[in-house]
Amino acid sequence: MYLIRQAEEKIRKHYGEDEMKTPTHLSVGAEAIAVGVLGALDPQDVVFGTYRSHGIYLAKTGETDKFFGELFGRVSGVSRGKAGSMHLASPSHGLMLTSAVVGTTIPVAVGSAFANQYQKKESMVAVFFGDGAIDEGVFWESLNLACLKKLPMIFVCEDNDLAIHTKTADRHGYRSIADIVSQFDCFVVRSESTDVEILYHLTKDAIAQCRVNPRPMFMHLKYYRYYEHVGVNDDFRFGYRGEDEFKTWLARDPLSLQRTRLKTQGLGEEALRGIEQPIEEQIDKSFRAAAAAAFPERDELFHHVYANE
């Protein structure tokens, strides 16, 4: 969680310099979801995500050199500078695909889970998406097929009560997405916790149930998006949400909760800084290397267009 938070704070600090040639959708405030869920999965399990992809990329890979290289549009990036923040992927780490188009990775994840089932593989598939994606028909089609085929997969709905700037109450003609999904043949987990350990154990327990009684799992997890939909600033000035709501969620910030827990378990400030400082140094080193790296040549646009290249 500290790696994700510090990487995104580094982006916030320097984004105004206009050297990172990509739109950014920060996941500050949601770190416990990515870390808790992915920490409960096995290394061979694969993940699909959305344009708000920094958290799952960093949680799945732990690396920052290629991450920052991609944000700077440099040849050192994970996609050689061609994908940017919204299309991060690292198949070698199990992060198969993220996409800027809402809902589009959900059916692909269903296909991946079906392939695992067909090939009798034990691995799970997790697909992350925002609550705005459940307004897309493809979500319901994908959920229906996953339940019908009893696919080994997890639908992770990261619900911040907003589809860009539109509140849930202004979009939904129903009260509870979890209640509706519970009518399908799947497990449903719902939580408003920002505690990474609670989310980890919820996921672990749900996966164990899926192993005994094969069915997909739908996780409805609430969080608060600290900054604007796209970009690096707060957005209280726009009037669609207020600072009081932010302060309520900030009081149970996922990193603060975990730091307090570690202290109560006997880790002193020096020990905590021993964990945090190497992460800060890693991020600084990666950031400087990315800023100094070369841009790709023009003919790079014609490479890796097809899967066999």
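Of the trypsin sites (Lys or Arg not before Pro) in the stretch 70-140, which ones lie in a loop per DSSP and count no more than 14 other C-beta atoms within 10 Å? Don't jump to the answer; show the numbers that get you there.
Numbers: sites: Arg74, Arg80, Lys82, Lys120, Lys121; in loops: Arg74, Arg80, Lys82, Lys120, Lys121.
Passing both the DSSP loop test and the Cβ count: Lys120, Lys121.
For Cys157, Cys210, what ranking results if the residue with the fewest other Cβ atoms within 10 Å of its Cβ goes first? Walk me through the intermediate numbers first.
Numbers: Cys157 23, Cys210 20.
Listing Cys157, Cys210 from fewest to most nearby Cβ atoms yields Cys210, Cys157.
What FRET efficiency do you get for Asn213 and Tyr118 if R0 is 22 Å and r is their Cβ-Cβ distance, rounded to the nearest 0.05?
Values: r = 20 Å, r/R0 = 0.89.
Efficiency, from the Cβ-Cβ distance: 0.65.
What dipole magnitude, in Debye to the nearest 20, does the stretch 92-155 give about its Cα centre under +1 on Lys/Arg Cβ and -1 on Asp/Glu Cβ? All intermediate terms of the calculation are to be shown ahead of the outcome.
Numbers: 4 positive and 5 negative charges, 81 e Å.
Dipole of the stretch 92-155, to the nearest 20 debye: 380 debye.
Anything in the chain that counts as a DSSP H helix reaching 15 Å or more along its axis (C-alpha) with Kyte-Doolittle mean of at least -0.5? List them, would you?
105-118, 137-149, 196-212
Post the alpha-carbon centroid distance, the stretch 242-295 to the stretch 53-83, in whole angstrom.
19
Quick one, what does Rg over Rh come out to for the chain if you take C-alpha atoms and the Kirkwood Rh?
0.96
Can you tell me how much longer the chain between Arg298 and Lys263 gets when fully stretched, taken as 0.36 nm per residue apart minus their C-alpha distance, in nm with one decimal? Mind showing how you got there, number by number?
Numbers: separation 35, 0.36 × 35 = 12.60 nm, distance 5.16 nm.
That pair, Arg298 and Lys263, stretches by 7.4 nm at full extension.
Read-outs: derived from the displayed coordinates by stated rules, not from any lab. A quick note: this is a predicted structure, and the numbers were derived from the prediction, not measured. Cβ atoms come from the backbone with ideal geometry, glycine included; neighbour counts cover every protein chain shown.
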